[in-house]
Every structure is written in structure tokens, then in C-alpha cells.
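The values are calculated or read from the model by the stated rules, or taken from the named source; none is laboratory data. Please read all numbers here as calculations on a predicted model, not as lab measurements. When we count neighbours, we look across all protein chains shown, and the Cβ atoms used for this are built from the backbone with ideal geometry, even at glycine. Surface areas here come from the heavy atoms of the whole protein model, side chains and all, with no ligands, DNA or RNA. Shrake-Rupley method; radii C 1.70, N 1.55, O 1.52, S 1.80 Å.
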Amino acid sequence: MRKIIFLDIDGVLAVPNDRKKTWRIEDKQQAELKRILDETDAEIVLSSSWRSATVEETQAHLTKEGFLYSDKIVGVTIRAYHYLDRTEKIHLSIPRGVQIKQWIDTNIHSNNGKDWERKVIGKDFNYVILDDDTDMLLEHRKHFVKCSWKTGLTKRLADKAIKILNAH
Ligand SMILES: [Mg+2]
């Protein structure tokens with residue numbers, strides 16, 4: 001069964017560092033992510049604003065920032081937004097949940113963009129969303145692990161993610 005982690009960085013792996021007054025990817029949070037990867041054999045799709053246009057660029061950028069599991073990244077979500085009116089600067093931001101749904105529809109349910117077949121969660125695939133923001137969809141609620149931006153991915157939250165990914 002294919003397993004996907006939709007991974008945010010800020011507020012999940014990167015948390016505020018009191019001493020240095022900066023946000024960077026921290027060892028403790030990264031170790032909890034490793035535990036999820038080891039226990040579930042999941043792949044990573046980056047939904048964070050740290051993502052670049054392609055998987056390769058994203059891997060290179062994140063590795064440079066100290067991320068240890070770039071080889072697990074298999075995708076990035078689209079950057080979806082829309083100007084309803086450029087002159088009036090009316091900007092419509094598209095919730096992250098919609099961007100995640102778009103990735104699942106395109107990469108899980110669709111076969112090369114031709115045939116479309118609804119795959120079954122818990123049988124064909126499973127996923128978890130690690131994020132400190134809350135703009136997900138109602139259909140994501142059982143797959144959403146909400147992190148606190150101050151503490152990011154904790155042991156308790158990683159345990160929850162493992163349980164969700166290994167459920168079938
Ligand atoms: Mg965040």
C-alpha cells in the first residue's frame with residue numbers, strides 16, 4: 001500500500017529557536033519524522049512554502065537547509081492562487097487542503113491523466129498531513145495531524161501519524 005506524508009516545514013520541523021532567534025530545521029523534530037518514515041515506509045510530498053517548482057529543486061534546496069530525508073520526497077503540491085482582478089489587486093488564495101486534494105486526485109486516482117479511478121483509502125493508499133496551519137478540507141480530518149508552531153512534530157504527534165498511516 002502506498003503511503004504519503006504531506007509535509008509542511010515551518011511549525012513542523014522548523015520551530016522558533018529561542019537562543020538563535022531563527023527558524024531552522026531542528027534535530028528533535030527531524031528524528032520524529034525519521035521514526036514515522038522507518039515505521040511506515042511512507043513517501044513525502046512537500047506542501048510547505050519551502051517547496052520549489054520541481055522535486056529535484058526541492059530536494060536540493062531542503063538538503064542545503066539540513067533536511068536529511070530528501071530522497072524520500074516524491075512530489076510537491078501545486079502553488080494554487082488566483083487574481084480575480086489584477087488591477088484591483090483582488091487576490092484569492094486557495095487553501096492548502098485544496099492543493100493536497102489536487103495532488104491526490106492527479107497522482108493517486110488518475111492513471112497518467114487518462115483514466116480516473118477512485119482508489120480506496122486504507123487499501124490502495126493512505127496518507128497523513130503534518131501541518132501547523134488549519135486550512136484543510138473536511139474530508140482530510142481523519143488524516144490531519146495538527147502541530148503547534150512552537151513545538152512542531154512531537155513524539156505524541158508522530159505516534160498519531162504512524163497509527164493513521166498503518167491503519168488498514
Ligand atoms: Mg507551517
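Only one of 72, 89, 101, 142 is open to solvent by 70 Å² or more (accessible area, probe 1.4 Å) and within 27 Å of residue 14 (Cβ to Cβ); which? Just a single option satisfies the conditions, and that option is 142. Residues satisfying the criterion are absent from segment 94-115 (criterion: under 18 Å from the mean Cα position of the chain (by Cα) and assigned to a strand (DSSP E or B)). Taking residue 160, is it farther than 20 Å from residue 77 by Cα, modelled with pLDDT of 95 or more, more than 11 Å from the ligand (Cβ to nearest atom) and of a type in the set (Lys, Arg)? Judged against the criteria, residue 160 is a match. Every listed requirement among (1) closer than 24 Å to residue 167 by Cβ; (2) more than 13 Å from the chain's Cα centre (by Cα); (3) open to solvent by 50 Å² or more (accessible area, probe 1.4 Å); (4) within 16 Å of the ligand (Cβ to nearest atom) is met by residue 134 save one, (2). Of the residues making up segment 116-157, those that are touching a residue at least 40 places away in the same chain (Cβ under 8 Å), out of contact with any Leu (no Cβ under 7 Å at 6 or more places or on another chain) and outside any loop (DSSP other than H, G, I, E, B) are 125, 127, 129, 131, 140, 148, 155, 157. Taken together, the residues in segment 14-52 that are within 14 Å of the ligand (Cβ to nearest atom), in contact with a Gly (Cβ under 6 Å, 6 or more places away or on another chain) and of a type in the set (A, V, I, L, M) amount to 2.
Residues in segment 8-61 that are closer than 20 Å to residue 154 by Cα and among the acidic types (Asp, Glu): 8, 10, 18, 26, 27, 32, 38, 39, 41, 43. Checking each residue in segment 5-62 for being more than 17 Å from residue 127 (Cα to Cα) and of a type in the set (S, T, N, Q) picks out 17, 22, 29, 30, 49, 52, 54, 58, 59. Within segment 105-114, none of the residues are away from the ligand (no atom under 14 Å from the Cβ), touching a helix residue (DSSP H, G or I) at 6+ places or on another chain (Cβ under 8 Å) and among the charged types (D, E, K, R). Annotation note: of 57, 26, 32, the sole residue that is under 22 Å from residue 103 (Cβ atoms) and of a type in the set (Asp, Glu) is 57. Restricting attention to segment 70-85, does a residue exist that is of a type in the set (S, T, N, Q) and more than 14 Å from the chain's Cα centre (by Cα)? No, there is no match, as no residue in segment 70-85 is of a type in the set (S, T, N, Q) and more than 14 Å from the chain's Cα centre (by Cα). Go through segment 43-63 residue by residue and tally those that are part of a strand (DSSP E or B) and open to solvent by 10 Å² or more (accessible area, probe 1.4 Å). Matching residues across segment 43-63 total 1.
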